[in-house]
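Structure, as structure tokens:
Bear in mind these aren't lab numbers, they're just calculated from the coordinates by the rules spelled out. Since this is a predicted model, take the numbers as computed values, not measurements. We place every Cβ from the backbone using ideal geometry, glycine too, and count neighbours over all the protein chains shown.
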Amino acid sequence: MLPESGIDRSGENQMANDILLRGNDYEFTLEMDGTFNGVPVRYEPGVLEEIYAKVLNNQPFQACEFSLSNFTMMRDRGADWLAAIPVFANRDFRHSIIWVRNDSPLESAEQLAGKRVGVRDYTMTAAVWLRGTLIDEYDTDWRDINWYANAEQRFPVLEGVPLELGDGDPETMLLAGKLDAFISPRPRDLQNPPAERELRPIFRDVQDVEREYFQRTGIYPINHTVVMRQELLNEFPEAPAAIFAAYCQGKKRALARRIGSTFVPWGREYWTETMTMFDGDPFPMGLTESNRKNVRTLLRYLHEQKLISELPDIEDLFLQGTAGFTEE
């Protein structure tokens, strides 16, 4: 390898002494560097949009965090050079991503039928989960909603999707009264002081809604997996097991240290309550029964929403031999 100084790290798929793994900056990725299954793994946090661009454009990389829905769509479209490991690096409930103006009359998801709803990236995993949840939980078909998204999309959608593309920013359009609702995990409005915010979640008791959803379904929605180039196996045959072990160890350390629970007010109380709800682990790795149900639900949503042409088997979606990976 060339020395670090003055080089572009974009050539990670060339001959290397270790695996460079990229993803978001999480509590469980702190101090994740190490040797696993005889393979040195180095973790580098970065901007997800930039990391995703390398995968979407088939640019040089070794392994990274990536959208599970986008990975499934790429495989559906023939990207056989890309493989996934059953590491699930990001999860979140999606009831809280429906935003309306403070003066909006909308108070429930059922009221979105016939409305104009904006989202920047129509195919992002969060939006896929939301549209599926609207049908399963609120009997509100995504086809009865008039969708608006930015002109530049990661993937072209299949026929039969009621989607308008344009140059206007959806959040700005909502504030201007040109949309009825906006789908986003982190709208810019949240950067304002609470008293100055102009948007609110459509569910005013969103935490209670999400808690009830999990207790009834057992689903804490998976958003991201970890992908790698198939060719990485030629250089590091144990790469899948090494990456899986790195994430499992990082998560184990973070849970043991209760990272975050002592830094914020009431953190310990919330930690205990949350860990009880998730039976001690909100982020199980591997294709456990609960994770299979989780992934199977997302695959069904992708197929129902015409984002993939065929419904894949879960085992075919992940690298051969990784279905049996379990945490120690």
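Filter 115/251; 54/306; 178/306; 54/251 down to the pairs with a C-alpha to C-alpha distance above 32 Å, please.
115/251
How much net charge surrounds residue 263 when only the other residues with a Cβ under 13 Å from the Cβ of residue 263 are counted, with Lys and Arg +1 and Asp and Glu -1?
+2
Take peptides 111-118, 138-145 and line them up by average Cβ neighbours within 10 Å, highest first, as a rough protection proxy.
Packing order, densest peptide first, comes out as 111-118, 138-145.
Could you work out the helix-only [θ] at 222 nm for the chain, with each DSSP H run of four or more residues adding -39,500 (n - 2.57) and the total divided by the number of residues, to the nearest 500 deg cm²/dmol?
Result for the chain: -9500 deg cm²/dmol, rounded to the nearest 500.
Rounded to whole Å, give me the distance from the Cα center of the stretch 138-189 to that of the stretch 262-308.
So the separation of the two Cα centres works out to 26 Å.
Between residue 235 and residue 141, take the C-beta separation as r, use R0 = 45 Å, and let me know the FRET efficiency to the nearest 0.05.
For residue 235 and residue 141, the calculated efficiency is 0.45.
Taking Cα centroids, how far is the stretch 204-232 from the stretch 43-91 in Å?
17
Roughly how large, in nm² to one decimal, is the mean projection of the convex hull of the alpha-carbon atoms in the stretch 95-217?
It is 7.7 nm².
So for the chain, what percent of the C-alpha to C-alpha distances run longer than 24 Å?
That fraction is 58 percent.
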